[in-house]
1. Let me understand the stretch 146-223 better: what is its radius of gyration from the alpha carbons, and its Dmax, in angstrom?
2. Averaging over every viewing direction, what projected area does the convex hull of the Cα atoms of the chain cover, in nm²?
3. What number comes out for the charge environment of Lys88, summing +1 per Lys or Arg and -1 per Asp or Glu over other residues with Cβ under 11 Å away?
4. Students often forget the sequence filter, so: which lysines lie under 26 Å Cα-Cα from Lys88 once same-chain residues fewer than 8 apart are removed?
5. So for Cys187, Cys56, Cys165, fewest C-beta neighbours within 10 Å to most, what's the order?
6. Tell me what the chain gives for mean residue ellipticity at 222 nm when only DSSP H runs of n ≥ 4 count, each as -39,500 (n - 2.57), the sum divided by the residue total, rounded to 500 deg cm²/dmol.
7. Calculate the spin-label point distance for Asp45 paired with Ala65, positioning each point 7 Å from the Cα along the beta-carbon direction, and give it in nanometres.
8. May I ask what percent, to the nearest 5, of DSSP beta bridges between residues of the chain are antiparallel?
Amino acid sequence: MPRNLTIPAKPGPLTIDLDATALVIIDMQRDFLEPGGFGESLGNDVSRLAAAVPPCRALLAAARAAGLLVVHTREGHAPDLSDAPPAKVARGAPSARIGEPGPMGRILIRGEAGHDIVPDLAPAPGEIVIDKPGKGAFYATDLGAVLAGRGIASLIVCGVTTEVCVHTTVREANDRGYRCLVVSDACGSYIPAFHEAGLAMIVAQGGIFGWVAPSAAVVPLVA
Ligand code: TIU
């Protein structure tokens with residue numbers, strides 16, 4: 001028996017089967033949310049992302065209570081930078097580029113403190129953590145195989161940043177046939193106008209990339 005529920009969303013209600021739905025939390029890492037990491041090295045005010053943490057936490061608690069598949073992603077690179085394209089490494093001030101030392105260890109490098117997910121959203125034992133070198137969570141990862149193996153058809157997506165890694169992942173997922181519900185207040189951007197535009201792009205044209213709803217509309221239904 002499917003565990004169907006219908007979420008009020010834009011551009012219209014979305015019905016999902018909880019047994020075929022995963023919560024995907026994108027890149028809620030210290031490198032993006034805390035001073036001294038990759039986000040700040042690019043010239044951003046990282047405090048703008050803090051508001052997304054409590055809604056992500058509420059979603060995570062609801063997903064765990066409902067027995068959903070939970071997937072955390074982390075953007076980062078191998079210590080030898082072998083998976084970091086030179087065009088990506090060359091961005092930002094030379095002393096604060098990917099791989100350079102910072103207060104949370106080498107910037108955007110796997111295994112360093114800055115690469116960790118923020119403590120409030122730490123993965124629980126058994127939850128899937130996908131390490132990705134790019135913006136999208138499907139590119140150069142086994143996320144597609146993981147979801148296919150679990151019979152997942154719908155994704156509830158949150159995290160940072162709205163118009164960069166969340167958007168790229170939703171676009172990749174949409175092309176692969178997943179229904180994506182993006183939780184608006186559980187996403188965040190360094191650039192508020194881009195957050196709003198990113199969400200608007202998802203639901204435009206009849207939901208060209210997916211659906212959008214606030215956590216208040218999702219959490220009570222899932223839990
Ligand atoms: N710079 C920016 O907005 N985002 C990223 O570089 N990565 C993610 O969004 N995770």
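Just so you know, all these numbers are worked out from the coordinates, no wet-lab data involved. This one's a predicted model, so the numbers in the text were calculated from it and none came from an experiment. Positions of Cβ are backbone-derived with ideal geometry, glycine not excepted, and every protein chain shown enters the neighbour counts.
1. Here Rg and the maximum Cα pair distance are 12.2, 37 Å.
2. On the way: hull surface 45.9 nm².
Mean projected area of the Cα convex hull: 11.5 nm².
3. Working: positive: Arg91, Arg97, Lys135; negative: Glu75, Asp83.
Residues near Lys88 contribute +1 overall.
4. Straight-line reach from Lys88, under 26 Å: Lys132, Lys135.
5. Values: Cys187 28, Cys56 25, Cys165 22.
Starting with the residue having the fewest Cβ neighbours, the order is Cys165, Cys56, Cys187.
6. Details: 8 runs with 66 residues, N = 223.
So the calculated ellipticity at 222 nm is -8000 deg cm²/dmol.
7. Inter-label distance under the simple model: 3.4 nm.
8. On the way: 8 of 35 bridges.
So the antiparallel bridges in the chain amount to around 25 percent.
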